[in-house]
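One structure, pasted below without further comment.
What follows is calculated from the coordinates using simple rules that are stated; it is not laboratory data. Treat the numbers as computed from the prediction; the structure is a model and nothing was measured. So basically every Cβ, Gly included, is an ideal-geometry build from the backbone, and we count neighbours across all protein chains shown.
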Amino acid sequence: MPATTRLDSHTDAAAGGSPSPLDVARSGFEGLVTGPEPLSLDCRGIEGLPDRGVPLDELRDRLLHGPFPQQGKDTVWSMLVERSRSVGAVWTLGCVGMALPALAGVAKRLTARNAGDPYDVHAEVLSGFLSALSAVDLARPRIVLRLKWAAYRRGLAALTEALDAPTPVSPGGFEAARPETPEGHPDLVLARAVRAGVLNRSEADLIGRTRLEEQSVSDWAGEHHLTLASVYKARRRAEQRLVALLRDENRTAQGADPVACGPTTRRTGSAPCRRDRRALCSSLSVLLSTGCPKASSEPVSSGAGTRP
């Protein structure tokens, strides 16, 4: 087996070097799996795992780095979550440690392009995971993916709230510089579309989980008790409205900021400026590369006439 993967530190330098919630969880987990009696899961009878108690750090490495069937992962995570619910704190921390690579990835993704303090976002990512531990349905597949998605949604909500907060003003009366916001990031594009009423939360969830995450459309349809054809149709219509919104925003940005876009007299077309192209490309890179249909010249609101 490879050596236990050590996660990157998430220490928040802006907070005076105080550790982030994920750092605290990592340190606690390392304490559980260090020493002569590490916290272990009895894996006897689980295909692909040793017939013995497997320390959780070794178990995490096996699930991450070895070929391992999805059914086996669900079996392991079902056992872990059940122990968290029945035993409590020790196994809850064990679950967090097992999921830290995924949680660290979620936290990094949400804060990579935000210049603000990441502490609250990291705390909400962890809080979302912990809340889902007590509620996640263990009879459905892809347990850890659903736990990760719950953490992601909570962190995204915190990030969106932070970006929507009023800009602080310094004591001298000068407005503090606003951090660069990741307006073109696909995650925040979905959140903005929901706030604008272009997508409902279910449609944003469908696009986010099947385009940006690892969930298949068939799994999402099964979770929501819908037919596969209806889900594909709903996603296509939602993506058409989303693309139309982004194109409208792009045209508005061009008209509102002629300096940023440069002189327009040399061009007869309506191609976006360099800054808007970057934002639009970031927003649609996942959608368009995976087959999102082109939006018509008029905003699509009902999807009428769309083929299933």
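Please list the three semi-axes, largest first and in whole Å, of the ellipsoid equivalent to segment 46-89, using sqrt of 5 times the eigenvalues of its alpha carbon gyration tensor.
19, 12, 10
So, by mean Cβ neighbours within 10 angstrom, what's the order for 103-112, 120-129, 216-225 with the highest one leading? Could the numbers behind the result be given before it?
Working: 103-112: 20.5, 120-129: 23.8, 216-225: 14.2.
The most tightly packed comes first, giving 120-129, 103-112, 216-225.
Starting from the amide H of G53, placed 1.01 Å from N in the peptide plane, find each other amide H under 5 Å away whose residue is 5 or more places distant or on another chain.
Excluding prolines and chain starts, which carry no amide H, the hits are C43.
Let me ask you something else. Which far-off residues, 5 or more places away or on another chain, put their amide H under 5 Å from the one on V33, with H placed in the peptide plane?
Those qualifying (amide H under 5 Å, at least 5 residues apart or on another chain) are L39.
Find how many whole Å separate the alpha carbon centroid of segment 206-232 from the alpha carbon centroid of segment 72-137.
Taking the Cα centre of segment 206-232 as reference, the centre of segment 72-137 is 23 Å away.
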